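The values are calculated or read from the model by the stated rules, or taken from the named source; none is laboratory data. All values derive from a computational prediction rather than experimental measurement. As a convention, Cβ positions derive from the backbone with ideal geometry for all residues, glycine included, and neighbour counts pool all protein chains shown. For accessibility, only protein heavy atoms count, side chains too; no ligands or nucleic acids. Shrake-Rupley method; radii C 1.70, N 1.55, O 1.52, S 1.80 Å.
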Amino acid sequence: MNTLKVIGGKYRGMKLEMTHSSTTRPTKAILKESLFNVLQNDIAGMIFIEGFGGSGSVGIEALSRGAKEAIFVERDKQAVEILRKNLARLEGESSKVLHADSFEVLPLVIEGVRSEGILYLDPPFCIREDMQDIYLRCFALVEAIKNSCLKLVIFEHLSEYEMPKTLGNFCIIKAKKFGKSTLSYYVKEV
């Protein structure tokens, strides 16, 4: 069984199961560490939405570091089963797993958020078969966000992909490269 570890917070060191599926890929530990170094204490009390949940390692890391709730959307059945197993090991954490297509469900999830939230999008890389337009679909999703409670959108994407400077009411403030993957941070313009 493939595993990865929670790298910080109250569940630090906890082993999480990973999928063997070709439809998901784990977020690298160095990338997660950088993400949560940027977020630091801002994650406390937030709702963390993981749009392409996989086995849940990023959202579980957010819960470990004080997020109020984590919401995961994942369409791969095997990934959802592993995600639910991983979440069952956490005690008393507020989380939801939606076995659905992110593009169909995320607009409803986002509009339903009633306290400050962060949206994390790690779609399959656009170089995969049948995924050439996935980033454009993600951009349209972010451009349509009207809920003022959503303060930050973070994309994990292929480093060579040119990300837009603005997406609707959000503008890019930072991008950090980790080999083939990059994290791009978009904040709501005030």
*Could you give the length gained on full extension between THR3 and LYS188, defined as 0.36 nm per residue of separation minus the Cα-Cα distance, in nm?*
63.1 nm
*Residue separation times 0.36 nm, minus the C-alpha to C-alpha distance between ILE30 and LYS146: what's the value?*
38.5 nm
*Separation of segment 71-102 and segment 149-187 by C-alpha centroid, Å?*
24
*Report the extension gain between VAL38 and LYS96 in nm, rounded to one decimal, defined as 0.36 nm multiplied by the number of residues separating them, less their alpha carbon distance.*
18.4 nm
_the chain: proportion of alpha-carbon pairs further apart than 31 angstrom, %_ = 8
*Over segment 71-178, what percent of the accessible surface lies on carbon and sulfur atoms, probe 1.4 Å?*
49
_For segment 72-116, projected area of the alpha-carbon convex hull averaged over all directions, nm²_ = 3.6
_Accessible area per residue for the chain in Å², computed with a 1.4 Å probe and the full protein assembly in place, what is it?_
48
*Along Cα→Cβ, 7 Å out, is where each label goes; now give me the distance between the ones at LEU136 and LYS180 in nm to one decimal.*
2.3
